Amino acid sequence: MAAIELRGVVKRFGPITAVDGLDLDVPEGICLGLLGPNGAGKSTTMRLLTGQALPDAGELRALGHELPGDAKAARAEMGVVPQLDNLDVDVTVEDNLAVFARLYRVPDVGAAVDRALDLARLRDRRRDAVDELSGGMRRRLLLARGLVHEPKLILLDEPTVGLDPQIRTELWTLIDDLRSRGTTILMSTHYIEEAERLADEVAVMTQGKIISRGKPSELIAEHAGRETAEIYAPPDRLAEARLTAEAVGLRVRPAGPAIAIVGSERANGEAVPADAVIRAASLEDVFVLLTGEEAE
Amino acid sequence: MSEERTRLRRLEPAAIGGVMSREAANFRTYWKGTTFSSVLEPVVYLLAFGLGLSATLIDDVDGLPYVEFVGTGMVATAVIFSSALPAMFGTFVKHRFQNTYDAILAAPVDVEELVSAEMLWIGVRAGIYGCVPLIVTMFFGLNPAPGMLLVPLFCFVTALGFAGFGIAMAAIVAKIDQFNYVTALFVTPLFLVSGAFFPIEGLPEGLEIAAQLNPLHQLVELVRGGAFGYEAIDLVRFASLVAFAFVMWRIAVNRMEKRLID
């Protein structure tokens, strides 16, 4: 049985359709990265799964529970790590965890708090108020709070958005540890590297729909080929190189100050300038080609 | 996923207790300031009204020394200010600024349980703090009476109603400064025409009838009943406060469901 099953799910906010006929299966025991630009419908999908948003159409099941009717029972078995830090900042680390252990009806609150403190590596800070913690510690605590009841399914909504690279790496280590223990994870992100490093499978989402899904290597092979040629040059030369590549059927995307010719291994010598930097095709190439958005 | 599943029902004590434990954990960080102001305020009021007004302008009201009249009436003002205002501002801040409710509703807690827990917590707090003016008035000459033992219950039930009112207002307003309208249009008139500071019998007829519908007036009369002797009509007064709390609870749940669930 899939941990998450969505069929034809639609969610509208007035004239805006945030989720547009979404079909999504997440098998048990995998980490699925929901990769999409801002406004793609990722966070709305997460809220639909917790019953905090009600669908206008479609069928949703999480851990065998029909949603939204049985959302409360589903939430008891899932953990949610939100995009925004909503810890109680004046309260101690352990009290933050104890409150959620009670909300999740954990029988032994003390043991659950100790386990979560170990996971977040915050045992020696347990009696400190949250506002005395560093940004990285707070994110670890937020993650541990969502895991205090040892859920079968974890929803990570942009878990490292806005964090500096060092804290992001810390969080990735923790998430990777969960993945290796077989916990089912649905992780929304718009960071390519995050999806590449953590997800067993990636679903690219834009305008409320999944437009492609597979293992990162499969997506790259399918949409971007083997190699990408990056050209760094003045704007007029970039425009000329783009025209030349597109004339022979190659796909070109912007890459900051450069352009990237995707699938450049298929080109003859003239379509790829000699001074182009050749690199392996990446998930970023796939993301930009499919969504038309610049990657972060 | 084959093991037996926990059955989750409406209004589960575990969910309500969990939300209240969050409030208690936060309260431990600010109880000193709240307690200080709730004790100091009635002392200042009683010094001003009791030793000021009663010494110069008013000797007694309805046969009661003015200090005792105001002291028993101030229970109602303590209740509305420790229930309606914290409910309005607290709910708004937790929802819009701190995203606290997003976190709680991601756990197995529904909006009805969340609102019920918030109302109960405010009710308990206001039930306790509402008694402070009564205790302070004893130092100004009010004699203790057995009927006063019911005052915490009256304060609790009234505070439940005003907590529901405050939560509903927090769900309705778009911006925090719109609470100025709520305070000016509802809270201040309710506490001024509650009979806490002067008897409502002296008001123009229409206003007196309106004041009779004021839950705070019913509380004032019940507290005075506790201090100076109950009457049969006090049962009706208490029943009206219970009805007020129930109606406000349903309105608060309804408004918060609309606000919190997309």
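Could you list log10 I(q)/I(0) for segment A:1-69 at q = 0.15, 0.17, 0.21, 0.24 Å⁻¹, which the Debye formula gives when each Cα is one point scatterer?
For the requested q values the scattering log ratios are -0.44, -0.57, -0.87, -1.12.
Leaving out ligands, DNA and RNA, what percent of the accessible area of segment B:113-262 is carbon and sulfur, probe 1.4 Å?
72 percent
Heavy atoms of the protein only, probe of 1.4 Å, neighbouring chains included. What is the accessible area of residue A:232 in Å², nearest 10?
Accessible surface of residue A:232 is approximately 130 Å².
For segment A:234-250, just list the computed ³J(HN,Hα) in residue order, Karplus coefficients 6.51, -1.76 and 1.60, θ = phi - 60°, integers in Hz, with x standing in for Gly and Pro.
x, x, 5, 6, 5, 4, 5, 5, 4, 4, 5, 5, 5, 5, 9, x, 8
Please state the charge dipole magnitude for segment B:1-141, taken about the Cα centre, from unit charges on C-beta atoms (+1 on K and R, -1 on D and E), reported in debye and rounded to the nearest 20.
In debye, rounded to 20, segment B:1-141 gives about 500.
Classify segment B:109-202 as rounded, prolate or oblate, taking a ≥ b ≥ c as the square roots of the eigenvalues of its Cα gyration tensor: rounded when a/c is under 1.5, otherwise prolate if a/b is larger than b/c and oblate if not.
Verdict is oblate for segment B:109-202.
Choose one answer from B:19, B:223, B:79: the residue with the largest mean-square fluctuation in a GNM of chain B with alpha-carbon springs under 10 Å.
Top of the fluctuation ranking is B:19.
Could you tell me whether segment A:199-296 comes out rounded, prolate or oblate from its Cα gyration tensor? Rule is a ≥ b ≥ c as square roots of the eigenvalues, rounded for a/c under 1.5, then prolate if a/b exceeds b/c, otherwise oblate.
Numbers: a/c = 2.24, a/b = 1.75, b/c = 1.28.
Because a/c hits 1.5 or more and a/b exceeds b/c, segment A:199-296 counts as prolate.
Starting from the amide H of residue A:154, placed 1.01 Å from N in the peptide plane, find each other amide H under 5 Å away whose residue is 5 or more places distant or on another chain.
Counting only residues 5 or more places away or on other chains, the set is A:79, A:184, A:185, A:186.
Got a sec to turn the phi values of segment B:97-110 into Karplus ³J(HN,Hα) couplings, 6.51 cos²θ - 1.76 cosθ + 1.60 with θ = phi - 60°, whole Hz, x for Gly and Pro?
Per-residue couplings from phi come out as 9, 9, 6, 4, 5, 4, 5, 5, 6, 7, 8, x, 9, 9 Hz.
Once the Cα atoms of helix B:151-172 and of chain B are each reduced to a long axis, what angle between those two axes, in degrees from 0 to 90 to the nearest 10, is obtained?
50 degrees
Please work out whether the protein assembly as shown counts as rounded, prolate or oblate from its C-alpha gyration tensor, where a ≥ b ≥ c are the square roots of the eigenvalues and a/c under 1.5 means rounded, while otherwise a/b larger than b/c means prolate and anything else oblate?
prolate
Trypsin sites (Lys or Arg not before Pro) within segment A:190-296: which are DSSP loop residues with at most 15 other Cβ atoms inside 10 Å?
Those satisfying the criteria are A:226.
Looking at chain B as a GNM with Cα springs under 10 Å, which of B:179, B:97, B:197 has the largest mean-square fluctuation?
B:97
Which residue, A:223, A:171, A:205, has the largest displacement toward the positive end of the dipole of segment A:151-248 when charges sit on each Cβ (Lys, Arg +1; Asp, Glu -1)?
A:205
Taking 8 Å as the Cα distance limit and 6 or more residues as the minimum spacing, I'd like the relative contact order of chain A as a percentage.
Relative contact order, chain A: 21 percent.
Amide H neighbours of residue A:3 under 5 Å, at least 5 residues apart or on other chains, H built in the peptide plane: list them.
A:26, A:28
In degrees from 0 to 90, rounded to the nearest 10, what is the angle of the helix B:233-260 Cα long axis to the longest principal axis of chain B?
30 degrees
At a threshold of 8 angstrom on Cα-Cα distance, excluding pairs fewer than six apart, so keeping six or more, what relative contact order does segment B:194-262 reach in percent?
Normalised by residue count, the contact order of segment B:194-262 is 24 percent.
Compute and list, largest first, the equivalent-ellipsoid semi-axes of chain A from the alpha carbon gyration tensor, each √(5λ) rounded to a whole angstrom.
Over the Cα atoms of chain A, the ellipsoid semi-axes are 40, 23, 15 Å.
Could you report the buried accessible area between B and A, both sides summed, computed with a 1.4 Å probe and given in Å² to the nearest 100?
It comes to approximately 2800 Å² buried between B and A.
Quick one: among B:31, B:121, B:249, which has the greatest mean-square fluctuation in a GNM of chain B with alpha-carbon springs under 10 angstrom?
It is B:31.
All other residues with a Cβ under 13 Å from the Cβ of residue B:88 taken together, and with Lys, Arg as +1 and Asp, Glu as -1, what is their net charge?
After counting each charged neighbour, the total is +2.
With only Lys, Arg, Asp and Glu charged, each at its Cβ (+1 for the first two, -1 for the last two), find how big the charge dipole of chain A is about the Cα centre; round to the nearest 20 debye. It would help to have the intermediate numbers written out before the result.
Working: 35 positive and 49 negative charges, 127 e Å.
Rounded to the nearest 20 debye, it is 600 debye.
With a bin width of 10 angstrom, please list the P(r) values of segment B:132-262 as percents of all Cα-Cα pairs, from the 0 bin to the one holding the largest distance.
In order of increasing distance, the bins hold 12, 35, 34, 15, 4, 0 percent.
So what is the relative contact order of segment B:151-247, in percent, for Cα pairs below 8 Å that sit 6 or more residues apart?
Contact order relative to length: 41 percent.
Hey, got the Cα dimensions of segment A:134-272 along the principal axes, in Å, largest first?
The principal-axis extents, from largest down, are 59, 31, 26 Å.
Each residue of segment B:79-90 in order: what ³J(HN,Hα) in whole Hz does its phi give by Karplus 6.51 cos²θ - 1.76 cosθ + 1.60, θ = phi - 60°, with x for Gly and Pro?
Residue by residue, segment B:79-90 yields 5, 5, 6, 9, 10, 4, 5, x, 5, 4, 6, x Hz.
Give a quick list of GluC sites (Glu not before Pro) in segment B:159-262 that DSSP marks as loop, anything other than H, G, I, E or B, with at most 14 other Cβ atoms within 10 Å.
Within segment B:159-262, the qualifying GluC sites (Glu not before Pro) (loop, at most 14 other Cβ atoms within 10 Å) are B:231.
Keeping every protein chain present and rolling a 1.4 Å probe, give me the accessible area per residue for segment B:163-237 in Å².
Value returned for segment B:163-237: 47 Å² of accessible area per residue.
Non-local amide H neighbours of residue B:61 (under 5 Å, H modeled in plane, Pro and chain starts lacking H): which ones?
Those qualifying (amide H under 5 Å, at least 5 residues apart or on another chain) are B:66.
Treat every Asp and Glu Cβ in the protein assembly as shown as -1 and every Lys and Arg Cβ as +1, leave all other atoms uncharged, and give the resulting dipole magnitude about the Cα centre to the nearest 20 debye.
Here the protein assembly as shown has a charge dipole of around 580 debye.
Relative to the longest principal axis of the C-alpha atoms of chain B, give the angle of the C-alpha long axis of helix B:111-129, reported between 0 and 90° and rounded to the nearest 10°.
That helix lies at roughly 30 degrees to the long axis.
Hey, can you find the accessible area per residue of chain A for me, probe 1.4 Å, expressed in square angstrom?
Computed with neighbouring chains in place, this is 41 Å² per residue.
Taking a probe of 1.4 Å, how large is the accessible area per residue of segment B:1-132, in Å²?
Result: 43 Å² per residue.
The values are calculated or read from the model by the stated rules, or taken from the named source; none is laboratory data. The structure presented is a predicted model; accordingly, all values stated were derived computationally and were not measured. Virtual Cβ from ideal backbone geometry, glycine too; neighbours counted across all protein chains shown. For accessibility, only protein heavy atoms count, side chains too; no ligands or nucleic acids. Shrake-Rupley method; radii C 1.70, N 1.55, O 1.52, S 1.80 Å.
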